[in-house]
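Inspection log for the structure reproduced underneath, given as structure tokens.
The values are calculated or read from the model by the stated rules, or taken from the named source; none is laboratory data. Keep in mind that what you see is a predicted model, and the values were worked out from it rather than measured. Note that we place each Cβ from the backbone using ideal geometry, even for glycine, and neighbour counts take in every protein chain shown. Keep in mind that these areas ignore ligands, DNA and RNA; they rest on the heavy atoms of the full protein, side chains included. Shrake-Rupley method; radii C 1.70, N 1.55, O 1.52, S 1.80 Å.
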Amino acid sequence: MSALTVLAIETSCDETAAAVMRGDELLSSEVASQIALHALTGGVVPEVASRNHLRTLRPVIASALAKAGVTAGEIDVFAATRGPGLATSLMIGLSAAKGMAMGFRKPFAAVNHIEAHLLSPFFGRGGVRPAIGLVVSGGHTMLVEIEAVGKYRLLGKTCDDAAGEAFDKVGKLLGLPYPGGPNVNRLACEGNAMRFDFPRSMLSSGDFAFSFSGLKTSVRYLLQKMDTVPVADVCASFQEAVVDVLVDKTVRAALTTRRKTIAVSGGVSCNSRLREKLSAACSARGIELLLAEPSLCTDNAAMIAYAASLRADAGHANDLAEDIDPNLRLAV
Ligand code: KG4
Ligand code: ZN
């Protein structure tokens with residue numbers, strides 16, 4: 001990897017993040033979470049998120065540069081997330097990075113947030129190589145066959161809710177604090193995963209598509225029937241149903257395509273039960289499992305810097321004409 005110094009900015013949803021990477025060394029990664037702000041409304045209100053990005057972005061960038069011991073004038077490439085995400089949030093980070101690139105007369109790299117998640121498990125682990133990528137976040141659930149950087153084949157994705165969205169909705173149904181995912185995971189550790197037999201949707205569909213909205217509805221119906229809710233058991237049983245389908249389809253994708261590596265990314269890849277079951281399934285079949293460390297699983301700018309460096313290495317690094325695209329897809 002070349003030794004370019006990249007400053008990356010991520011503001012696609014509710015985290016204001018900046019990171020500095022030189023070659024394959026991460027010099028700093030700052031994330032200012034808006035969780036406390038959005039907990040008040042039980043979810044992200046786009047205008048609130050964008051106003052907060054505006055307030056927070058400059059200090060976050062300053063802190064990323066200071067921790068890296070680098071000045072803005074020493075940056076070779078300025079990068080930002082272009083999409084997908086909330087338009088009013090994306091605009092703030094993209095405009096800031098473009099403005100800095102123009103001011104310092106350096107290239108600007110526009111990064112696809114899904115591609116950045118997809119590639120993040122390879123960081124610090126020998127670089128990108130052929131693999132099956134599972135992206136499981138609040139907005140996406142997809143299985144992708146990775147050939148090389150920029151060469152992807154979509155095997156399947158969710159037909160309705162993303163896995164993280166299902167965790168967040170079930171957390172809300174149970175009255176847990178926002179965001180539901182980490183709270184459901186925490187309570188599930190004390191619960192009985194066999195207590196409720198929730199559906200494993202599309203487990204036998206024979207393809208790599210997912211569906212989680214029926215599972216969320218099953219949880220809602222169950223809760224309506226109960227006076228006292230055994231919260232930990234509901235969390236554990238729900239989590240087990242999500243994890244079973246994710247693990248089964250991901251391992252099957254690797255076996256079908258004869259890929260020997262599985263790379264898992266996105267916020268839901270922090271889930272302890274998913275990590276545990278995937279590790280067991282992969283080691284039983286001699287498959288290498290790449291899991292990003294938890295701070296690189298949820299939204300962060302280090303993954304944006306890594307994707308920008310890989311793109312710069314492949315010769316794409318001046319995208320000043322690129323605008324935000326809230327509905328951007330992975331190019332497959
Ligand atoms: O990747 P991410 O930060 O943002 C998106 O691009 O969507 O993912 C956020 C999602 C949320 O739905 C959150 O509840 C979920 O990841 N999440 C988890 C856990 N930690 C975060 N879901 C289950 N278990 C966790 N430990
Ligand atoms: Zn994300």
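Descriptive notes on the structure:
- Only DSSP H runs of four or more residues enter the estimate; each adds -39500 (n - 2.57), and after division by the residues of the chain the mean residue ellipticity at 222 nm equals -13500 deg cm²/dmol.
- Cα pair count fraction exceeding 12 Å, expressed as % - the stretch 124-180: 69
- Cβ-placed point charges (K, R +1; D, E -1), dipole of the chain about Cα centre in debye, nearest 20: 340
- Of the peptides 142-152, 45-55, 243-253, the order by per-residue mean of other Cβ atoms within 10 Å, starting with the highest, comes out as 243-253, 142-152, 45-55.
- Volume per residue that the Cα convex hull of the stretch 129-291 spans, once the total is divided by residue count, Å³: 102
- Extension gain (nm, one decimal) between SER272 and THR217, 0.36 nm per residue minus Cα-Cα: 17.4 nm
- For the chain, the fraction of alpha-carbon pairs in successive 20 Å shells from zero, as %: 33, 56, 11, 0
- Global form of the stretch 24-142, assessed from the alpha-carbon gyration tensor, a/c cut-off 1.5: oblate
- Packing here is the average count of other Cβ atoms within 10 Å per residue, and on that basis the peptides 207-220, 31-44, highest first, run 207-220, 31-44.
- Shown here: the stretch 249-321, whose C-alpha atoms stretch 46, 27, 16 Å along the first, second and third principal axes, sorted largest to smallest.
- Using a probe radius of 1.4 angstrom, the carbon and sulfur fraction of the accessible surface of the chain is 53%.
- Gaussian network model of the chain, Cα within-10 Å springs - most flexible of LYS169, LYS225, LYS260: LYS225
- Each of VAL149, GLY180, PHE198 was scored by the projection of its Cα onto the charge dipole of the stretch 129-291, and the greatest displacement toward the positive side belongs to VAL149; charges sit on the C-beta of Lys, Arg, Asp and Glu.
- With the simple model of a label 7 Å out from the Cα in the direction of the Cβ, LEU203 to ALA62 spans 5.4 nm.
- Using every pair of separate Cα atoms, the Kirkwood estimate puts the hydrodynamic radius of the stretch 196-266 at 13.6 angstrom.
- Convex hull volume of the stretch 94-207 per residue (C-alpha atoms, cubic angstrom): 183
- Cα gyration tensor category, rounded, prolate or oblate, for the stretch 78-127 with a/c compared to 1.5: oblate
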